[in-house]
Amino acid sequence: MEQDLQDILHKYWNYSSFRSIQEPVIKTVLSGKDVLAIMPTGGGKSLCYQVPALYKSGLTLVITPLIALMQDQVLSLYQKNIKASAIHSGMNQFEINNIISNCVYGEMKLLYVSPERLQSSAFRKQLTELPIELIAVDEAHCISQWGHDFRPAYRRIHEIRANFKGVPILALTASATKEVVKDIQVQLGFKDGQLFQASFLRSNLSLNVLQDDNKWGRLESVLKRELGCSLIYVRNRRLTKEIASYIKGLGYDAAYYHAGMKSEDKHKMQEDWMRGKYQIMVCTNAFGMGIDKDNVRLVIHWGIPDSLEAYYQEVGRAGRDGKLSYALMLFEKADMDRLNRNFEMQFPTIKKIRQVYQALSNYFQVPININTSRPFSFELVPFCHNYGFNYLECDHVLKVLIDLGYISITQNLNQSSRLKITMTKDQIFAMRSRNESMTDILQAFLRTYGGIFDEFQEINEKLMANRLQFTEKYLFDCLKQLHKSGHVSYAPKKKAPQLFFLKGRVDIDSLNIDPKSWNQRKKKLKIKLEAVLNYCNQEKACRNKSLLKYFGENLSIDCGNCDYCRQKNRPKPNLDAIGNKIKHNLQSESKMIVDVLAFFPESEKQIILEAIRALIAREKIRLEGNKVRWIGEL
C-alpha cells in the first residue's frame, strides 16, 4: 500500500512525500475506520481524501459547503487528469442525471455535493446506485452547533450511513475545540473513530492586534509597507464597498466581495483576484473558504471577529507558501461594544421567535399543519416594515428558526424554476383526449426529471422548450395555465432569496424551543465571545501561545514572531540619542506629536512614541494639550 500511495502522490501532485499527518490519516481511512483530521488552513486537507479516492476502485463522495469550493476543486483535479464532478443548486435535473450516469459508468473518482442536497429523498435514492467507497465531510466544524459556522444540514449527514454500511467517513476541519471534536464524532456516528490533529502553530505567520480609534489612518500606514497580496475582512456588506473605494483612492488595486452580490459578479471577482488583477480584496467571511492562493502576505480584520475559530480560519489564508506573512486585527473600543450588543441580539426571547414565525406564516398565508415544499420569495426589509420588526433582531430570529430546522432561506440569487406534478399518471393519460399539447408537456417533464411527482424539482425551461420545439414564452404560459388549473405546482425562477417551510407550518405553541437548552447554548457562545475579547485585550502573553491554548495545544516557548514577542525582544531605546533627535526637531518650540513623528521613518515611530512618554516622565518634555515642548537638558 505504502508504495502505491507514494506513486499516486508523485504522479498527480509531483510531491516526493506526504506532509504533517496526511499519511497516517490516509492509511487509517483506507483500513476502513472513521477518521477526524484537524489540520491548519493550507495544510493539505484535500489530499487526505483525494489520494484514497485514486487508490480505491470506486467513488468518493465529498460533502462541502460552498459552490465556489466545489468548482475550484473540480477544476484543479481536471487539470491533473482526475475525473471529478460537482452537483450544486445551479443545475437542473437533466444535468444532475447526466453526472449520476457518469459516476455509475464513467470511472468518476470524486463527486462533490452540498449537505443540503443530501436532504432530498430523490437524490439520496440516486446515491444508492453509486459505488461509493469513502465519504469525506469537508469543513466538518459546520456540523457542531457550538462551532463558529453552524449549518443545520450538516447534522443530518449521518442519515446516509444506513445506505452505505461499512463505508468509512473522513471528516476534516482546520479548527475545533475539544467540545466541537466530540460533537462532530457523535453527529457523524463514528464507530471506533480515530482523531489526528496537526499542530495549530503557523510559525511563518505573525499575529498582531492593535486598538486604534483612527482605523482609517492606521490602515493607510499599514498598506504603505507594500506587503503584497492582501485580504481585509469586515463585518458587514456595506463596509466592503466603502473600504475598497477608500483603498482605491489611495492608489491600490482593490475589489470587494460579499454574499449579497450576483453569482456571476462574485465568480468574476474571485477569478480576477486569483489571477492577481487585484492586490487587495475587501470581503465578508463569505470569501475565502477553500480558496487556495499561496501568496497572500497580509490578512486584516477590520474590527473583532465573532470567535477565535473564525479568526484562526481567516488568518490561515495568509502565508500558505510558507513565507513570512502578517495578520492584523485592527479595532476600536466601539467595536467591543458593538460585539457585545450583537451577542445579545443573537439570543432573542422565545416570545419574539414565536412572534416572527407567526408573522411569516401569515405573510405567506400558509395554513397550520399543511406540508408544503413550495418556495416563497422573501425579502427581509419589506417583511420587517410590514410588521414593525427591528431589522437586525429579526435577522437573528430567522437564523434561529433555520438552526432549529423550521425554515431554510436560500441566498442563491439565481434560484432555478421549480416544478411538481400534482396529477397522477392515470389522470395525465386521461387528459390526452382533452388536451394533447398539455399532456405532451407533462410527459416530457416526467421523462426528464425523476421524482417530480414526489417533490419539487429544479427545471430548465429553455432546455425543455427546445426539446418540445416550443418557444420559451409559450412553454412558460402553458406551465402557468397548468399551475392555475391545479395540475402542477410551478414556481418560476426568482431573483429574490427563497424561503421554505421545512416542516410545513406548525402551531407557534408547538415550536420546539427548550428554555434550558437555549440558555446552555447562550452560555457556551458567551464563553466564545469572552475568549476573543480576552485575546484582544491581552498585553502580556504570546499571541500564538494564547491561541493554541484555546484549541487545547500547549506551546512550550513563546513564538518570537507576534506583536508581544517582538515588543518583548526589542532592545530598549537609547533615550539620550533619541532625545537629541527630538530636541533638534522641536528647536525650542512646541509641536503636535504627529508632526514630531513625521520627522522619523515609519519603522521608528513606535520607538519614538515610547521615548516621548519616557522623556515626559523624566521632565525633559512637557505635554501641552496635543503638543509637546522641550524643556530640559540632556
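The values are calculated or read from the model by the stated rules, or taken from the named source; none is laboratory data. As the structure is a prediction and not an experimental result, all values here were calculated from the model. Because the Cβ atoms are built from the backbone with ideal geometry, glycine has one as well, and the counts that use them run over all protein chains shown.
Let's see how each residue does on (1) among the polar types (S, T, N, Q); (2) in contact with a helix residue (DSSP H, G or I) (Cβ under 7 Å, 6 or more places away or on another chain):
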position: Asn295; (1), (2): yes, no
position: Trp302; (1), (2): no, yes
position: Ala310; (1), (2): no, no
position: Gly322; (1), (2): no, no
position: Arg341; (1), (2): no, no
Checklist line | Positions within segment 591-609 being over 17 Å from Arg225 (Cα atoms), of a type outside the set (Val, Ile, Thr) and touching a Lys or Arg at 6+ places or on another chain (Cβ under 9 Å), in sequence order | finding: Lys591, Met592, Asp595, Phe599
Next item on the list: For segment 556-604, enumerate the residues that are crowded, with 16+ Cβ neighbours inside 10 Å and closer than 17 Å to Val209 by Cα.
Entry: Asp558, Cys559, Asn561, Cys562, Asp563, Tyr564, Cys565
Notebook entry, point to check: Can you find even one residue in segment 369-390 that is among the hydrophobic types (A, V, I, L, M, F, W, C) and free of Cβ contacts under 8 Å to residues at least 12 places away in the same chain?
Noted result: yes
Check: Applying the selection to segment 204-251, what residues are closer than 28 Å to Ala541 by Cα, out of contact with any Gly (no Cβ under 7 Å at 6 or more places or on another chain) and assigned to a strand (DSSP E or B)?
Finding: Ser206, Leu207, Asn208, Val209, Leu210, Gln211, Ser230, Ile232, Tyr233
Note to self: I need the full set of residues from segment 27-63 which are within 22 Å of Lys191 (Cα to Cα) and at pLDDT below 90, in order please.
What the structure shows: Met39, Lys45
Checklist line | Any pair with Cβ under 8 angstrom, 6 or more apart, that starts in segment 3-14 at a residue that is crowded, with 16+ Cβ neighbours inside 10 Å and ends at one that is β-branched (Val, Ile, Thr) | finding: Leu5/Ile26; Leu5/Val51; Ile8/Val51; Leu9/Val51; Tyr12/Ile82
Note to self: Among the residues of segment 92-116, what is the count of those that are at pLDDT 85 or above and not in a loop (DSSP other than H, G, I, E, B)?
What the structure shows: 10
Next item on the list: Collect the residues in segment 481-526 that are among the β-branched types (Val, Ile, Thr) and over 23 Å from Phe453 (Cβ atoms), keeping them in residue-number order.
Entry: Val506, Ile508, Ile513
Notebook entry, point to check: Within segment 34-50, can one find any residue that is over 18 Å from Ala176 (Cβ atoms), over 25 Å from the mean Cα position of the chain (by Cα) and assigned to a helix (DSSP H, G or I)?
Noted result: no
Next item on the list: May I ask you to list the residues in segment 191-216 that are at pLDDT below 90 and among the hydrophobic types (A, V, I, L, M, F, W, C)?
Entry: Ala198, Phe200, Leu201
Note to self: Condition (residue is part of a loop (DSSP other than H, G, I, E, B) and without any contact (Cβ under 8 Å) to a residue 40 or more places away in the chain) applied to segment 153-165: is it met by at least one residue?
What the structure shows: yes
Next item on the list: Under 6 Å between Cβ atoms, at least 6 apart or on separate chains: pull out the pairs that start in segment 108-119 with a residue that is among the aromatic types (Phe, Trp, Tyr) and end on any residue that is not in a strand (DSSP E or B).
Entry: Tyr112/Thr64; Tyr112/Met70
Notebook entry, point to check: Which one of these is within 19 Å of Lys480 (Cβ to Cβ) and in a strand (DSSP E or B): Lys462, Lys420?
Noted result: Lys420
Next item on the list: Within segment 538-553, track down each residue that is free of Cβ contacts under 8 Å to residues at least 60 places away in the same chain, assigned to a helix (DSSP H, G or I) and under 14 Å from Leu207 (Cα atoms).
Entry: Lys545, Ser546
Notebook entry, point to check: Looking at (1) in a loop (DSSP other than H, G, I, E, B); (2) assigned by TED's automatic domain parsing to the domain that holds Tyr357, which is the only condition Lys516 fails?
Noted result: (1)
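Rundown of residues vs (1) at pLDDT below 90; (2) within 37 Å of the chain's Cα centre (by Cα); (3) closer than 16 Å to Tyr535 by Cβ, yes/no style:
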position	(1), (2), (3)
Lys549	no, yes, yes
Cys562	no, yes, yes
Lys568	yes, yes, no
Ile578	yes, no, no
Next item on the list: Looking only at segment 250-258, decide whether some residue is modelled with pLDDT under 90 and farther than 30 Å from Gln185 by Cα.
Entry: yes
Check: Quick check, is Lys523 modelled with pLDDT of 80 or more, out of contact with any Gly (no Cβ under 9 Å at 6 or more places or on another chain), more than 24 Å from Asn208 (Cα to Cα) and in a helix (DSSP H, G or I)?
Finding: yes
Check: Of all residues in segment 311-362, which are more than 27 Å from Gln498 (Cα to Cα) and of a type in the set (A, V, I, L, M)?
Finding: Val315, Ala318, Leu324, Ala327, Leu328, Met329, Leu330, Ala334, Met336, Leu339
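For (1) more than 21 Å from Gly316 (Cβ to Cβ); (2) surrounded by 15 or more Cβ atoms within 10 Å (Cβ to Cβ); (3) assigned by TED's automatic domain parsing to the domain that holds Gly319, each residue gets a yes or a no:
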site: Val209; (1), (2), (3): no, yes, yes
site: Ser230; (1), (2), (3): no, yes, yes
site: Arg237; (1), (2), (3): yes, yes, yes
site: Ile247; (1), (2), (3): yes, yes, yes
site: Tyr257; (1), (2), (3): no, yes, yes
site: Lys262; (1), (2), (3): yes, no, yes
site: Asp265; (1), (2), (3): yes, no, yes
site: Gly276; (1), (2), (3): no, no, yes
site: Phe287; (1), (2), (3): no, yes, yes
Notebook entry, point to check: Does segment 179-189 contain at least one residue that is more than 19 Å from Met39 (Cα to Cα) and surrounded by 15 or more Cβ atoms within 10 Å (Cβ to Cβ)?
Noted result: yes
Margin query: Suppose we filter Leu9, Leu66 for residues that are out of contact with any helix residue (DSSP H, G or I) (no Cβ under 6 Å at 6 or more places or on another chain) and closer than 23 Å to Ala259 by Cβ; which single one remains?
Written below: Leu66
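Give me a count of the residues in segment 554-568 that are in a helix (DSSP H, G or I) and of a type in the set (A, V, I, L, M, F, W, C).
1
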Notebook entry, point to check: Can you tell me which of Phe476, Phe501 is buried (at least 16 other Cβ atoms within 10 Å of the Cβ), closer than 30 Å to Pro348 by Cα and of a type outside the set (Asp, Glu)?
Noted result: Phe501
